[in-house]
Amino acid sequence: DAGVIQSPRHEVTEMGQEVTLRCKPISGHDYLFWYRQTMMRGLELLIYFNNNVPIDDSGMPEDRFSAKMPNASFSTLKIQPSEPRDSAVYFCASSKYLDRGRDEQYFGPGTRLTVT
Amino acid sequence: EDKVVQSPLSLVVHEGDTVTLNCSYEVTNFRSLLWYKQEKKAPTFLFMLTSSGIEKKSGRLSSILDKKELFSILNITATQTGDSAVYLCAVEADSGGSNYKLTFGKGTLLTVNP
């Protein structure tokens, strides 16, 4: 299994531009998570999906952020318009279950976003 | 607001030393506590703890949870340079219905020198 795949690995963009981050979860995993990691705030859960349905997006910082999961093998996190404070590493993770004792999450390699 | 606090923030030791990393938490509707190791890339899972007093062990790493005092420790014995990483603690909590919250600490940066 290739693991969780994210693209791009690095993105540098100018303030105001739209940014789309992509994620392919591990096949057969029903849960997909988007995280953001910065030095100041550490690792934060932004949103998670179960069977392609967004379950909890309370971690999404503001309306400029949106996430979709059109099918079981693909998800996007979009920032429009981007701002310098969005610069961070964005991780996608997936897991098969969300039950006590069985919900180990597998992380992708992350996308390092720099907004100038 | 749920909180997870890790200490120390960073630690430098010599190979062969034993280290103890700490994680304290304040969450509503606790489910479990997880430890991750993050080297240069993504976090990798180490342990999940749900019950107090039961030690989880994997090689030189071990961890235990105290749900009464709301903390967990991660021990690494006979440290090696390959143990150098950021160690993240995260706490899962129920947030109503089938929803779930995961809160991470800022991590402890461990550096093991030869």
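The values are calculated or read from the model by the stated rules, or taken from the named source; none is laboratory data. These numbers come from a predicted model, not from an experiment. FYI the Cβ positions are ideal-geometry reconstructions off the backbone, even for glycines, and counts take in every protein chain you see. Protein only, heavy atoms only, side chains kept; ligands, DNA and RNA dropped before computing areas. Shrake-Rupley method; radii C 1.70, N 1.55, O 1.52, S 1.80 Å.
Dipole size of the protein assembly as shown about its Cα centre, with +1 on Lys/Arg Cβ and -1 on Asp/Glu Cβ: approximately 380 debye, rounded to the nearest 20.
Shape descriptor for the stretch A:3-91: Rg over Rh equals 0.94 (Cα atoms; Rh from the Kirkwood inverse mean 1/r). Here the protein assembly as shown is treated as an ellipsoid with the same Cα gyration tensor; its semi-axes, largest first and in whole Å, are 29, 21, 16.
What part of the accessible area of chain B, given as a whole %, is carbon or sulfur when the probe is 1.4 angstrom? Don't jump to the answer; show the numbers that get you there.
Numbers: 2760 of 5510 Å².
Whole-percent figure for carbon plus sulfur exposure: 50.
The accessible surface of chain A, taken with every protein chain in place and a 1.4 Å probe, is 49 percent carbon and sulfur.
Counting 0.36 nm for each residue step from residue A:30 to residue A:15 and taking away their Cα separation leaves a gain of 2.0 nm. Residues in the protein assembly as shown average 49 Å² of solvent-accessible surface per residue, probe 1.4 Å, ligands and nucleic acids excluded. Contact residues in the stretch A:33-69 (at least 50 Å² less accessible area with all protein chains than alone, 1.4 Å probe): A:43. For chain B, the Kirkwood hydrodynamic radius from C-alpha pairs, put into Stokes-Einstein at 4 °C and a viscosity of 1.567 mPa s, yields a diffusion coefficient of 91 µm² per second.
Heavy-atom accessible area buried between chains B and A is around 1800 Å² (1.4 Å probe, both sides summed).
Its convex hull of Cα atoms gives the stretch A:51-116 a direction-averaged projected area, equal to a quarter of the hull surface, of 5.2 nm². A Förster radius of 41 Å combined with the Cβ-Cβ distance from residue A:22 to residue B:70 puts the calculated FRET efficiency at roughly 0.60.
The calculated FRET efficiency for residue A:116 paired with residue A:96, based on their beta-carbon distance and R0 = 35 Å, is about 0.35.
Using 0.36 nm times the number of residues separating residue B:77 and residue B:111, minus their current alpha carbon distance, what extension gain do you get?
10.9 nm
Partners of residue B:106 within straight-line reach, counting aspartates and glutamates whose Cα lies under 19 Å from its Cα and excluding those fewer than 8 residues away in the same chain: A:44, A:86, B:1, B:2, B:26, B:39, B:83, B:92.
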